[in-house]
Each structure stands twice: as structure tokens, then as C-alpha cells.
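Throughout, read-outs are computed from the coordinates displayed, never taken from laboratory work. Predicted, not measured: the structure shown is a model, and the values here were computed from it. Virtual Cβ from ideal backbone geometry, glycine too; neighbours counted across all protein chains shown.
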Amino acid sequence: MCGIVGYIGSKNATSVILTGLKRLEYRGYDSAGIALANGSLTVCKKAGKVVELEKAVKAAQLRGTLGIGHTRWATHGAPNDVNAHPHTDMENTIALVHNGIIENYAAIKQRLQKQGYVFRSETDTEVLTMFIHSFYTKTKNLEEAVRLALCEVEGAFGIAVVSTLEPNVLIGARRGSPLLVGVGEGENFLASDASAILQHTRNVIYLQDDEMAILTKDGYTTKTIDNETTDSIIHEVEFDLESIEKGGFDHFMLKEIHEQPRTFKDCFRGRLLASEGTVRLGGLNPVLDKLRRAQRIIFTACGTSWHSALVGEYIIEQLAGIPVEVEYASEFRYRNPVITPDDVVIAISQSGETADTLAAIKEAKLKGATAIGLVNVVGSSIARETDAGIYLHAGPEIGVASTKAFTSQLAAIMLVALYLGRTRRLSQRDGMEIAQAIERVPEQIQAILDHSSQIQSIAKKYAKAQNFLYLGRGYHFPVALEGALKLKEISYIHAEGYPAAEMKHGPIALIDENMPVVCIATQDEIYDKVLSNIQEVRARNGKIIAIATEGDTRIAEFAEHVITIPNTLPMLTPVLSVIPLQLLAYYVAVERGCNVDMPRNLAKSVTVE
Ligand code: M6R
């Protein structure tokens, strides 16, 4: 949510920043802007995507070797040129870009207005800029002014600041919102994620909450906003440039859907001990004892990650017999949940930066629970805040609609469930059967992908529908929710996921001949029950798109379209049944001419509450 790039060095800062912003655009794309601070301050900002900014920057012929840039997802104020970042003070001395929300901005604004400050935008960011300026007029030192201002700020921020009076300094700071330092040779960078600067350096320092970085061309220091010097560890970024490019696909989403045979495997590679029917989870070592003795597991997550948590509830209860609860992170934090030190709270997050999930984990830890993270982005806030965790190793997910992260989350959950099962009640033989089934999943995903053209033609047929219903039972109820979410977020068609049997308690009223109903009806112990639910839809002329098991000879009689998936253990079917739903959503959105990778109003990681 909002992307930040900062550069200090000898190169043309404009092109470094623009390239970085394009890579960060998936974080927010309401507006973009850039400020260069060599001698004087030049600011260029535009509503809309980075490409609009690029045109304006070319026309203005911006040049300089120190600058900051921003791509915005609007929180305070409409997405227009004025509200776009960077913001400057009234004298055009300092420029600032910001990711997060300054919660006490109204009080600070009032204070500043009394001192004669005049505001042009509706943003909390302009308030922070002026606030820093108010200290700068006294301290004449940018680092000190930023530090003093941040000590009084409430809320979340990742910021980058420059001043025309100090053309050799670039300052960054964070609380809540991610920010890292890229360490180069004769140049240094700030970025809200590593993809923005990867072509210049792989060496990064992840700033901690309330930490600042003071960068020059040739060096950097880090300190807390309380003015204590900190030790910074340089990490090497593991992914490469290729993984953040489209690789011949039309969209990142399609590329990421097609990556799933590999990404699913990457999550269990080296962890699944198939011949012993168990798993080795080195990342959980610090908490294994707590996990084994857990009285209850609570999953907390948002969006797609919450759907994988629901699957996790079913699998862990099935394999290990431990009570599991699943909480929306945004609700968990504010409802005073009963948590005990015997609870293990598992946060699931692709980005590792989702503000609600991060807050939920902090709350759980305050109440004495053990916190585990199933996170994709290495070094992210949730990964650092939790006591232990499992990285998904899915590689960067750029498409705003989460796809490969979901199936990797299911892989990680399977590993945890298998581990717990084996420590409690699962025999080695059963463990081996599950492990072998997991090993077959990548090729089964590939088999579904190989039949994408069938799904594409179904998508064409229903692309003009106004509503969709998704039905599933058991393990497939969360998949129904996920299918509906995918469709609505990228095609803007209203879609609802429902437990198939629950439909007759209300949603059945919606069904008529214009309603496509996607029913997940694989051959498991409730197959016949789902067939009955399908007949209820048919009786009201709904159009059935069935997701069924290969070789099912009965289902065609009840459905307009049948998409088959290979047979696997019921607990693994969500990994397979979700693939056609991802493809269906993708092709419907393309057919409707929607911007699949940057759907309206959304951003990839939601770092505000
Ligand atoms: O990064 P996270 O997994 O914590 O993100 C959670 C949700 O914001 C995310 O899954 C969102 O719902 C996606 N747009 C779904 O495709």
C-alpha cells in the first residue's frame, strides 16, 4: 500500500526512481510523484498510474542525483494531483513521501495553522511535512527535525525525506509501514520493498519500527527516533529480477497462476519427509514444544489468507484433533478475545505487512500466546514480529489478486497439520500416504493448467453476467469463498461464496436463469449431498459450472459445464479445485477488459487499518 523509492548517488535519480516506482506500482496506483533536491526542489506529481508521471517527468526534463518517489493508494484525500506525494513545505525546502496514516494529524494541523502554516492538500502527509519543517526552522538539521517530529506522531509511517539545504542527505524512517535501505557502492537507496531496487543492489537492511536511516552517497547510519544508534544487519535478497517480470505472460496474475506447480513444491521441498510420513520445520524449532502442547490454535489473517486459514481449521482438526479457530485479524484485535499462554496463534499473510494481521499478532503476544507466521515475504514485519514461522517461498507475488500465495499457504498449513498429526494421533502409515499425495500435487496442478482453454471458453460465455454464486461444502466451502473473491476483485462482478447446503436458507432466492452457479462437487463422502444441492439450483434454472473429479460419470447430467480435476485426498482437493476458479476469474476479467493486475480501489499489501 503506497510505494516509496529514494535515491542518493551519482546516477540520474529520475530514471532510478521511475523504474523503482513501476516495480512498486502494484502497491498502489492512484497517483505518483517524484521530487529531486539538488540545489532547488523540483516536484512533479500526477493522478493516475506511473506512466502518467513518466510523461510529465520527461516533459519537465528533471535531472538530479538525489530524489524521492511515491506511488499512492489514497487514504486521506481524493487521488488527484494535489494530494499526490511528494509533499513540500510552504518554502519548498523539504519534500516528503509517506506510506501509512498519521492518526493525530488533525491536532498537529491545528497547532501548525496557529503558527501560520497554510495547507494545500487534504492529506495527513502534508501535515507531517509541515510538522518536520516547523522543527527544521529551529534545528537547521534535517535528521534532527525528522526525529523530533516523529517522536510526537501517532500512527503508522514509512517515509523518505530530502531537503534542498542538505543535498548530501536522504532520510528514511518507519513505524508499522515497511521500509528498507538498499546498500550500494557510491550510492544508497530507500524502498518500501526490495523489488524497487533489485537491479542496483541485493544488499538490504530492513528498518525496524521507530528506526531511522540517514543515507549519504557513500554511507549510512541507523538510529532509533529516540536517538540511539542501532546495529543494522545487511540481508541478501534471494529472488531475482526475472521473478518480478511477466516472463511472456499477458499479466502477472496469469504468470503466477501458472507458477503454482513449482511454488507449491518449493514450499514443501526439504521439509516433507515422505519416507517417514512426517515433516521437518526448522523455522518452528523455537516453538515446537509450545506447538506440540497447544490446547488451541487460532488462525488470524485477512482476505485470501483468511480463506486458507479456514481450510487450515478443517485439516488440523481432522489430522491432529486440536481445536482450531479462525479469526479475521481486523475483528480479533478489537473484540478483546480470550487468549491464554497455552494458545498458539498462527498469522497467515502473503505480504507479511498487512496492518490488521500484524496488530492481531501483537495483541496475541501481549496476552501470552505463542505467535507463528506463515508468510511469503522474507524479512517482512509479521515474519519479524512472530516467535517463529514458515516462509512460503512462493517468490514475489505482484498480481493484486492473490493466487500462488494461496496454494503455498495451503502447502504450509498441510505441513503444520501433518507435523501435529504425527505428534498426536496419526500413524506413520497414514502420514506416508498424505506425504505421497502432497508430492503428487504439483503435477496435478499442471494437468489442470493444461486445460485452461476450456475454462477460457466458459469465461467468454458468462463474462456479461451480473452475479455469480459459488457453492462448496467441507474443504470446498473456503474455496467457494476464494473463487468468489477472485472474481469480484478483478472483474467487478458481484459474487458470493456460500456453503452449498446453506444456500436454501436465503441465497436460493437469487437464483434464476441468469445466475451462473459454480459448484465444487468432487467425489468425497458428501458428494451425493452436493449433488442434491446442485439439483436445487437446477430446479430454479440456475446455470451450473461444476468442478468435479476426473472420471465422474454422473455429474454431466446435472451441469451445463464440467471442469475436472485429478483425484487426491479430500484435504488436498482445495489446492486443485481453486485452480479452475482462479483461471475463470482471470479470463472473465480479461473478457470484460478489466485491468487484471491493478484492479480499481485495491492495493497489494494493506498496511493501514
Ligand atoms: O498480504 P496478505 O496475505 O496479508 O493480504 C491479505 C489480503 O489483503 C489479500 O489476500 C487480499 O484479499 C487479496 N487482494 C486477495 O486476492
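A compact table of results
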{"item": "Equivalent ellipsoid, the stretch 207-311 (semi-axes from 5 times Cα gyration tensor eigenvalues, Å)", "result": "34, 26, 16"}
{"item": "Computed over the stretch 514-609, Kirkwood Rh from alpha-carbon pairs, angstrom", "result": "15.1"}
{"item": "Estimated FRET transfer efficiency when R0 is 51 angstrom, pair Gln456-Arg292 (beta carbons, to 0.05)", "result": "0.65"}
{"item": "Calculated Rg and Dmax of the stretch 489-555 using C-alpha coordinates, Å", "result": "12.3, 34"}
{"item": "Kirkwood Rh, Cα atoms: Rg over Rh of the chain", "result": "1.00"}
{"item": "Prolate/oblate/rounded call for the stretch 3-237, Cα gyration tensor, a/c under 1.5 rounded", "result": "rounded"}
{"item": "The stretch 282-403: radius of gyration and largest Cα-Cα distance (Dmax), Å", "result": "13.2, 38"}
{"item": "Dmax and Rg, reported as Rg then Dmax, of the stretch 351-500 (C-alpha, Å)", "result": "18.3, 53"}
{"item": "Folded to 0 to 90 degrees: helix 428-449 orientation relative to the chain principal axis, Cα", "result": "70"}
{"item": "Helical contribution to [θ] at 222 nm, DSSP H n ≥ 4, -39,500 (n - 2.57), averaged over the chain, rounded to 500", "result": "-11500 deg cm²/dmol"}
{"item": "Relative contact order (%) - the stretch 3-237, alpha-carbon pairs under 8 angstrom, separation at least six", "result": "20"}
{"item": "Among the listed pairs Lys11/Lys45; Lys255/Lys488; Lys11/Lys223; Lys265/Lys488; Lys223/Lys365, those beyond 23 Å (Cα-Cα)", "result": "Lys11/Lys223; Lys265/Lys488; Lys223/Lys365"}
{"item": "Debye, to nearest 20: dipole size of the chain, +1 on Lys, Arg Cβ, -1 on Asp, Glu Cβ", "result": "520"}
{"item": "FRET E, pair Glu325, Leu273, Förster distance 35 Å, beta-carbon r, rounded to 0.05", "result": "0.75"}
{"item": "The stretch 451-596: projected area of the alpha-carbon convex hull, averaged over directions, in nm²", "result": "7.5"}
